[in-house]
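The values are calculated or read from the model by the stated rules, or taken from the named source; none is laboratory data. Keep in mind it's a predicted model, so treat the numbers as computed, not measured. Every residue, glycine among them, receives a Cβ derived from its backbone with ideal geometry; neighbour counts consider all protein chains shown. The area values use the complete protein model at the heavy-atom level, side chains included, leaving out ligands, DNA and RNA. Shrake-Rupley method; radii C 1.70, N 1.55, O 1.52, S 1.80 Å.
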Amino acid sequence: MLEVSNLECIRGDRRLFSELNFDISAGELLHLHGHNGSGKTTLLRTICGLITPTEGEVRWQGENVRRQRDEFARELVYIGHKNAIKADLTGTENLRIACQLDGAPVSEKQAWDALERLGLRGHEDLPVRVLSQGQKKRVTLARLLLSKSPLWILDEPFTALDKAAVSYLQTVIQEHVDAGGMVILTTHQEVALTRGQVKQLGLGWKRDGDV
Amino acid sequence: MFEIIRTIVMRDLTLAMRRRSDVMTTLFFFVIVVSLFPLGIGPELDTLRMIAPGVFWVAALLASMLALEKLFAADFEDGTLEQMLLTPQPVFVLVMAKVFAHWLITGVPLVLLSPLLGLQYDLAAETLGVLLLSLLLGTPTLSLIGAIGAALTLGLRGGGVLVSLLVLPLYIPVLIFGAGAVEANVSGLGETGHLLMLGAMLLLALVAAPVATSAALRISAE
């Protein structure tokens, strides 16, 4: 179970959020809302442990994640704005290196299968540089298919994807939640998500006249 | 752990093989700087022999610094660096593997080429050996120290200039003992002491630098 208690984050001289409390347990999905610049990405990166919160803490199974970095990293997949793939490596190479570093090596065959399921058949051994934005995103997302980690943190996972890929990714997320996984995601798209428990969290506030 | 080091080293070597021009720039820089001095000073053998140790070591220092930019910057840009920080692997191990790969790519070719370049300075065979050995011991230290600076200046504008200000002063001890070893051999004083000092500095850097670099990377990734 992931708990966030009394979290506050100040970037520069702006307070993005404060006194933030929520928790998420197995079989739940947290959908994070908020207008541009409301601190969604900052919150996700804080949960991952990439950003030190100004105040408060994030606990995984009751213990602060900053005191158990390695254990927490094993339980977590974070997919951020950047694709985190090397342009000069092929899809399978990228995937296998990422999984190896995550401590869960996969075979060449498994990597090919994952890419094929994401509709990249015939592109597995091309350098990622020549792929389109949407295809690069698919290579990144293929990690989800191979991961056994219970907690997924996804920052705008649907951007650049076409309709078919969006609905496939939704199924993947649904299955993960059904199987007792946890997902925290941000998305501006209105997407019907899962049959499981969905929690909503809104960040930021709008003044009158804001778009 | 060795599996992880192997993965990172193979990854960076593969990337370097697919981007050969990046690798060659450092090496060519070294070759050209070292070759310019005999051309500029003229065929005065005594002078050349005298300046050789300093020229080689200063050129190696600058080449090593030039290469630092590429150590973490690409991984930082495309987001693979922050993914590395989120793996269950100790960050200093990842750093050590990356620095080792970086040294294999930018340091080793320079070390291997130095005896050949040394011929332009009319150095004796034995002195060429000492030059090679001193660079072999010194350049990994340069990469390790430089990694701290490279990590600290990640994502900053004008990071390249800043990194030289941060790192060059720290290179001075390596320069003194590296060039000192070659000089001592030329003058017949015996180079052992200098080489031992270089070895000691390498060990110290090996222990301390990856830890400092990991901390710097965490700060830069925020």
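For the range B:1-80 and the range A:1-22, write down the distance between their C-alpha centroids in whole Å.
Centre-to-centre distance over Cα atoms comes out at 45 Å.
Roughly speaking, to the nearest percent, how much of the range B:2-221's 1.4 Å accessible area is carbon and sulfur?
75
From other protein chains only, count the Cβ atoms within 10 Å of every residue's Cβ in A:70-82, then give the mean.
Rounded to a whole number, the mean comes out at 3.
Do you know which residues of the range B:1-22 lose at least 40 square angstrom of accessible area in the protein assembly compared with their chain on its own, with a 1.4 angstrom probe?
Listed by number, the residues meeting the 40 Å² cut-off are B:THR7, B:ARG11, B:LEU15, B:ARG18, B:ARG19.
May I ask which residue of B:LEU119, B:PRO210, B:LEU48 lies farthest towards the positive end of the charge dipole of the range B:2-221, with charges of +1 (Lys, Arg) and -1 (Asp, Glu) on Cβ and the Cα centre as origin?
Result: B:PRO210, furthest along the dipole toward the positive end.
Give the value in nm², to one decimal: projected area of the alpha carbon convex hull of the range B:2-221, averaged over all directions.
Its average projected convex-hull area is 12.0 nm².
Once you treat every alpha carbon in the range A:1-100 as an equal point and sum by Debye, what is log10 I(q)/I(0) at q = 0.25 Å⁻¹?
After summing over all Cα pairs, the log10 values are -1.39.
With a 1.4 Å probe, how much accessible area is buried between chains A and B, both sides summed, in Å² to the nearest hundred?
It comes to approximately 2600 Å² buried between A and B.
What does the average come to when, for each residue of peptide B:86-97, you count the partner chain Cβ atoms lying within 10 Å of its Cβ?
Shielding by partners across B:86-97 averages 4.
Kindly report the accessible area of chain A per residue (heavy atoms of protein chains, probe 1.4 Å, no ligands, DNA or RNA), in Å².
Ligands and nucleic acids excluded, the result is 47 Å² per residue.
Which of the peptides A:120-127, A:173-180 is most tightly packed, and how do the rest follow, judged by the mean count of other Cβ atoms within 10 Å per residue?
Descending mean neighbour count gives A:173-180, A:120-127.
Pairs of Cα atoms under 8 Å, at least six residues apart: use those to get the relative contact order of the range B:2-221, whole percent.
27
What is the average number of partner chain Cβ atoms found within 10 Å of a Cβ in A:96-106?
What the average comes to for A:96-106 is 4.
If packing is taken as the mean number of other Cβ atoms within 10 Å per residue, what is the order of B:207-215, A:22-30, highest first?
Going from most to least packed, we get B:207-215, A:22-30.
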